Structures are given as structure tokens and as C-alpha cells.
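The values are calculated or read from the model by the stated rules, or taken from the named source; none is laboratory data. All values reported here derive from a predicted model rather than from experimental measurement. Neighbour counts are summed over all protein chains in view; Cβ atoms, including those assigned to glycine, are modelled from backbone coordinates with ideal geometry. Heads up: the accessible areas ignore ligands, DNA and RNA and are worked out on the full protein's heavy atoms, side chains in. Shrake-Rupley method; radii C 1.70, N 1.55, O 1.52, S 1.80 Å.
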Amino acid sequence: MRRLLLSALGLLPLAACAPATAPRTAVPSFSAAYAPEGVAWVDAGRACVARAPSYRAVCPALPGAAVGVAWNGGDAWAALPGAGLLVTLDRAARSVPVGRVVAVSSTRAYREDGSAVAFDGRPAPGVVGAPTAAITGGDGQDYVVLAGALRRVPDGLVVETAPEPLLEATPTGARSVSLPGVTTLTGTYRLTGTALQRLDAAGRVLASVPHGPGRVGLVGADVVTVAPGGTVRVFGVDLTPLMR
């Protein structure tokens with residue numbers, strides 16, 4: 001049994017209230033986060049992690065449903081709004097009381113009012129209103145979907161006015177996409193729902209392998225996919241299967 005700091009539970013003070021008219025989007029039932037250490041995902045509230053090179057899935061028992069996962073400091077974390085906690089999924093058991101989280105990036109967790117807290121429990125810059133999604137871009141800055149727009153957190157810059165359903169980090173920031181993918185300096189890996197594709201910088205398909213719905217990202221030099229249900233597959237950069 002993972003020992004959580006339940007005595008530290010309790011909602012932290014909220015700094016602002018979301019406007020009553022702010023659009024609210026349901027948290028996706030399946031999402032994933034990637035880092036050089038591996039892949040973490042949440043599937044219908046159950047959070048798991050699979051570390052390279054074995055990619056063996058670990059799905060610990062947690063005190064509540066997760067709404068998102070993220071990597072920080074070499075640890076895979078899950079956000080549990082019902083318990084008001086951020087918790088690690090493997091290695092040393094750690095928990096941070098944060099209140100009701102609605103979105104999480106690799107740098108911080110965002111509460112219902114847009115206030116934010118870092119993974120060490122310290123306050124972090126947030127936004128005004130409830131974000132429906134968050135991601136840390138390739139430039140190291142956070143981006144959130146807020147009031148129907150994709151915004152850069154530090155300065156509030158509106159990056160997109162009608163974002164697609166998913167967020168993707170790019171080498172220079174972040175963007176919204178309609179299909180799960182990961183963009184590198186040399187091209188993109190994308191899941192279409194029936195195939196995993198490798199595209200060049202001009203968008204031409206260089207390689208394709210059959211693959212169902214899921215998420216895709218890079219773990220070091222590995223192209224790693226995870227599907228609902230927890231199936232992890234690993235490919236080389238040319239989409240040669242390395243394991244199934």
C-alpha cells in the first residue's frame with residue numbers, strides 16, 4: 001500500500017473564480033505523457049506508467065480517479081482531484097496536496113479557478129478561469145486551453161482561437177491537433193486511428209504501419225505508442241517494431 005500524506009489534505013485557498021459563462025470541456029478519458037524515462041497514461045481514471053527499456057506497465061492502487069498524468073523530476077505523477085493530490089506512480093511514494101486539479105502539465109497542476117501549484121507544492125503562475133487542457137511546450141513554457149482559445153501562460157498570448165481537441169508540444173512551443181502525434185525537428189509521427197505514420201517536414205508520409213487508436217510520443221530514440229487498455233508498442237525511428 002502506497003503511503004499518502006492524507007493528513008495534509010485540504011483545499012488550498014483559491015485566488016480567483018472562473019466566470020459562469022466559461023466553456024467547460026470534459027477531461028478526455030484517455031491521455032498520455034512522455035519523457036525520456038518512459039510513458040505514463042490515464043485510462044478512464046486509472047493511471048499507469050511504463051519505463052524504458054522494459055516498458056512493463058505499473059498501475060498502482062490510488063485513492064481516487066486520475067484526470068491527468070505528467071512527468072516531473074524523473075517521476076511519473078497523476079492528478080487526483082477527488083483526493084486533492086498529486087501522487088507518484090512508481091519509485092518512491094510521494095504526494096502533494098493541491099486541491100481540485102482540472103489540468104496538469106510537466107511543470108504544474110491547474111485548479112478549477114486557474115491557480116496553479118508546482119510539483120514541490122509551491123505556488124506557480126496560473127491563469128484566470130478553468131483551463132480544460134494544459135501542456136508544456138518545447139520552449140519550456142506552459143500552454144492552456146482557456147475560454148475556447150489556446151493561450152501561452154506567462155503572457156496570456158492567444159496562440160489559436162479555435163483549437164482542435166488535442167494538444168501537442170512542438171520544438172518551439174505548442175499547438176492543437178485533431179490527431180494524436182509528436183513533432184520533431186525532422187518530421188512528425190501520427191496516429192490516424194488505423195495506422196501509425198511517419199511524415200516528413202512537408203507532411204509527406206514516409207512510412208506507415210497498422211495501428212489502432214491511442215497516443216504516440218518519443219522516449220529517447222524510441223517511438224512509443226499506448227492504446228486504451230494499456231497496450232504499449234515500441235518502434236524505431238523508421239517504424240521498425242522493436243517490441244509489441
Selection within the range 42-75 - buried (at least 22 other Cβ atoms within 10 Å of the Cβ) and either more than 20 Å from V96 (Cβ to Cβ) or in contact with a helix residue (DSSP H, G or I) (Cβ under 9 Å, 6 or more places away or on another chain) (or both): A50
Given (1) open to solvent by less than 20 Å² (accessible area, probe 1.4 Å); (2) without any contact (Cβ under 8 Å) to a residue 12 or more places away in the chain, number of the condition S95 does not satisfy: (2)
Residue match in the range 197-215 (condition: at pLDDT 95 or above, among the small types (G, A, S) and under 24 Å from V96 (Cβ atoms)): no
Among the candidates T136, T225, T186, T170, residue that is loosely packed, with under 14 Cβ neighbours inside 10 Å and either closer than 23 Å to A40 by Cβ or free of Cβ contacts under 8 Å to residues at least 40 places away in the same chain (or both): T186
Hits in the range 101-112 - residues which are of a type outside the set (A, V, I, L, M) and either touching a helix residue (DSSP H, G or I) at 6+ places or on another chain (Cβ under 9 Å) or modelled with pLDDT of 95 or more (or both): S105, S106, T107, R108, Y110, R111
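Every residue in the range 63-79 that is in contact with a strand residue (DSSP E or B) (Cβ under 6 Å, 6 or more places away or on another chain) and either over 20 Å from V216 (Cβ atoms) or at pLDDT below 95 (or both), please. Steps first, please.
At the first step, the residues of the range 63-79 found to be in contact with a strand residue (DSSP E or B) (Cβ under 6 Å, 6 or more places away or on another chain) are 64, 66-71, 75-79.
Answer for the range 63-79, where residues must be in contact with a strand residue (DSSP E or B) (Cβ under 6 Å, 6 or more places away or on another chain) and either over 20 Å from V216 (Cβ atoms) or at pLDDT below 95 (or both): G64, A66, V67, D75, W77, A78, A79.
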Total residues in the range 122-133, condition at positive phi and open to solvent by 30 Å² or more (accessible area, probe 1.4 Å): 0
First in the range 144-164 and within 13 Å of A134 (Cβ to Cβ), second anywhere and of a type in the set (V, I, T) and exposed (fewer than 15 other Cβ atoms within 10 Å of the Cβ), Cβ under 7 Å, 6 or more apart: R151/V158
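With the structure loaded, tell me whether E160 is open to solvent by 70 Å² or more (accessible area, probe 1.4 Å), modelled with pLDDT of 95 or more and among the charged types (D, E, K, R) or whether it fails that test. Spell out the reasoning first.
Working: open to solvent by 70 Å² or more (accessible area, probe 1.4 Å): no; modelled with pLDDT of 95 or more: yes; among the charged types (D, E, K, R): yes.
Here the answer is no, as E160 does not meet what is asked.
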Matching residues, the range 189-222, being in contact (Cβ under 8 Å) with a residue 12 or more places away in the chain and charged (D, E, K, R): R190, R198, D200, R215, D222
